[in-house]
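One structure is given below, encoded as structure tokens.
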Amino acid sequence: MMENCCYDRVELMVLNMVRKGLLGELLHAKCGYLHDLRKLKLDPNQYHGMWRIKHSVERDGDVYPTHGLGPVAQCMNINRGNQFDHLVSMSSNSRGLNLYAREHYGPDSQYANVDFALGDVVTTLIRTKAGQTILITHDTNSPRAYSRDFMVQGTKGLVQKYPTPKIYIEGRGEAHQWQELEVFGQEFEHPLWTSMEEKSRGAGHGGMDYIEDYRLIECLRNGEPTDMDVYDAAAWSAVSGLSETSIAGGSKPVDCPDFTRGKWKTRAPLGIIAS
């Protein structure tokens, strides 16, 4: 319910673009958590109890889907007129943590020869009730640059954030050529980011942590529904366990549960919040 990446500048701008119809009807999205965490997982001084490594030892699935999935789910109105229908997952071989442990801690070190359950790259494909697809990647055991692989595609064009924010909208630029996202920035900047940019300057993760906290506290103080509620928390987080079930069953399709008991059909989409 406090997924901070929903409040990053590009993700909010894309949500505003979607609400204003710039991308047309949404068809597909990519997202994920691609972050080299080998040192954090294996260094005993990084986290109390080395809890990160325990997930890699015991679980094979997307153990952290919400960073990328949250903003995409908001764009696709999940739990608010749309819903995750089913998913399939698969994972690659596990190699990265063993190699890192041998290189940095020695061939006989604690994790050099552990049989890790978590594949280095876990890929999950979700289909929504509205017929859209979402590709989610989890990759935390590989040498790589950070990415959340954020991309949203519709019938009129698409936006992608990594490695640099770019956009292609049919009829609004040279055919077959990307444009820098900033070309559309002034027109589609999300008003929440505009109103909070100065106040959030210097806060964690580029300011989005401040905006996330601000919105939660404002909603609670004013007795208003939070931007993300328990149904969102359940649906987004459930992807983790569902992906494990799919992988364990040979990448079989797994139905996504309806935590709203049918209320998703009539709930209004998240609006464009100004403050």
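Take Lys265 and Asp43, extend 7 Å from each Cα along the Cα→Cβ direction, and tell me the distance between the two endpoints in nm.
Simple spin-label model gives 5.3 nm for this pair.
Could you go through the stretch 178-186 in sequence order and give the Karplus-derived ³J(HN,Hα) for each residue, using 6.51 cos²θ - 1.76 cosθ + 1.60 with θ = phi - 60°, rounded to whole Hz, and x for Gly and Pro?
Listing the rounded values in order: 5, 10, 5, 4, 4, 4, 9, x, 5 Hz.
Starting from the Cα-Cα distance between Arg95 and Asp115, subtract it from 0.36 nm times their residue separation and give me the gain in nm to one decimal.
On the way: separation 20, 0.36 × 20 = 7.20 nm, distance 0.95 nm.
This chain segment gains 6.2 nm when fully extended.
Ranking Asp36, Asp255, Asp8 by Cβ neighbours within 10 Å, fewest first, what do you get? Write down the numbers at each step before the final one.
Details: Asp36 17, Asp255 10, Asp8 23.
Ascending Cβ contact count within 10 Å gives the list Asp255, Asp36, Asp8.
Between Glu224 and Gln177, what is the label-to-label distance in nm when each label sits 7 Å out along the Cα-to-Cβ direction?
Placing both labels 7 Å beyond Cα along the Cβ direction yields 4.2 nm.
Relative contact order for the chain: what is it in percent, counting Cα pairs under 8 Å that are at least 6 residues apart? It would help to have the intermediate numbers written out before the result.
Details: 540 pairs, mean separation 85.0, N = 275.
Value for the chain: 31 percent.
What is the Å³ per residue value for the convex hull set by the Cα atoms of the stretch 176-275? Show your work: numbers first, answer last.
On the way: hull volume 20.4 nm³, N = 100.
That works out to 204 Å³ per residue.
Place a label point 7 angstrom from the Cα of Arg144 along the Cα-to-Cβ direction, then list the residues of the stretch 36-52 whose backbone nitrogen is under 15 Å away.
36-39
Over the chain, what is the percentage of antiparallel beta bridges among all DSSP beta bridges, to the nearest 5? Present the calculation step by step, with values, prior to reporting the outcome.
Working: 30 of 38 bridges.
DSSP beta bridges in the chain are roughly 80 percent antiparallel.
Bear in mind that the values in this text are calculations on the coordinates, not laboratory data. All values reported here derive from a predicted model rather than from experimental measurement. Here the Cβ is made from the backbone with ideal geometry for all residues, glycine too, and neighbour counts use every protein chain on show.
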